[in-house]
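Below is one structure; the comments refer to it alone.
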Amino acid sequence: MTANPVQADPAPADRTPADAATGILTDLRYDVAPITPFGLAIRATEPGLRVEHIPVAPLRSLVRAHHVVLLRGFGVFDGPDALSAYCERWGEPSVWPFGTVLELVEKEQPEDHIFDSSYMPMHWDGMYREQIPEFQVFQCVHAPGEGNGGETTFSHTTAVLERTDPATVARWSQVTGTYQRAMEFYDSVTVSPVVTAHPVHGAPVIRYNEPTAAGDAGFVNHPDLRFTGLPDDEIAEVHRSLRAALYDPAHLYAHAWQTGDLVVTDNYTLLHGRNAFTSGAPRHLRRVQVLGTPPLDNPGLVR
């Protein structure tokens, strides 16, 4: 059986994105299975299939519903320009000084932890920029290799809030974070309540930049974080309880990369980070951020 030709977006007029999503779920060319504890994996079952063969409209619906969609076993993009062109089908890509595609690879002398092999604390993308992307599109150019770490971690913040006792959520809701970070691409301050509303459907979500581990002198370019709204001893308990909930296996998905993986995630709902990996391991990801429709202006950006 040959692969379908590339289909244009949006879905045909007689099929809603939900209908088209059902078509993906029942298409025998794909093996579709849930990811534990959340997310959806779509694996190609035939050679020659490419991600571009799947209409984006139903994929977009699946990401909004499942928050992480993994596409594995499909033909890979030839390079960053091809990845960027594909992402334009999802919406307007965020443009940075380097363009639309960030090459996530360890540098010999990194000036920021993004390009180091260290762990990365939980955060949300776009928190220091004028607009916050709805989607993150990650392509694994080269996996770090088994046993080398480097998993990208995602925490389902709506689930965290639904499953945490109301008194604890009420304490979290009193806290506001003020975050400042200077790096090559920006020097910005953003202010956000820890518990806020999803910008589209209004369900509660968590916006939180997790502080780095105490005494971690090897972490490159610490952000400046300040949390207010409760006494210091209660703020310490907020951090402890937030970490416990965000990293609870019921809420945390740690994606172990395989070369060729394409992962699309819901940045409006999730927080994400990175597990440390073996320095020198060949971990190479490409990331594109895609704005929502309409684009979401950052409500917390101070400068």
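Only the coordinates and a few stated rules stand behind these numbers; no lab work does. Every value quoted in this text rests on a predicted model; they were computed, and no experiment measured them. So basically every Cβ, Gly included, is an ideal-geometry build from the backbone, and we count neighbours across all protein chains shown.
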* Asked: From the Cα gyration tensor of the range 237-294, with a ≥ b ≥ c the square roots of its eigenvalues, which class applies: rounded if a/c is under 1.5, or else prolate if a/b is larger than b/c, or else oblate?
  -> oblate
* Residues HIS198, HIS66 arranged by fewest to most Cβ contacts within 10 Å -> HIS198, HIS66
* Asked: Kirkwood Rh, Cα Rg: Rg to Rh for the range 76-297?
  -> 0.95
* **Cα-based equivalent ellipsoid of the range 204-243: semi-axis lengths in Å, sorted from largest, via gyration tensor** => 20, 13, 10
* Asked: In the neighborhood of LEU102, defined by Cβ-to-Cβ distances under 9 Å, what is the net charge if each Lys or Arg adds +1 and each Asp or Glu adds -1?
  -> +1
* Around GLY75: net Lys/Arg minus Asp/Glu count, Cβ-Cβ under 10 Å -> -1
* To do: Whole Å is fine, so just give me how far the alpha carbon centre of the range 155-186 lies from that of the range 250-270.
  => 19
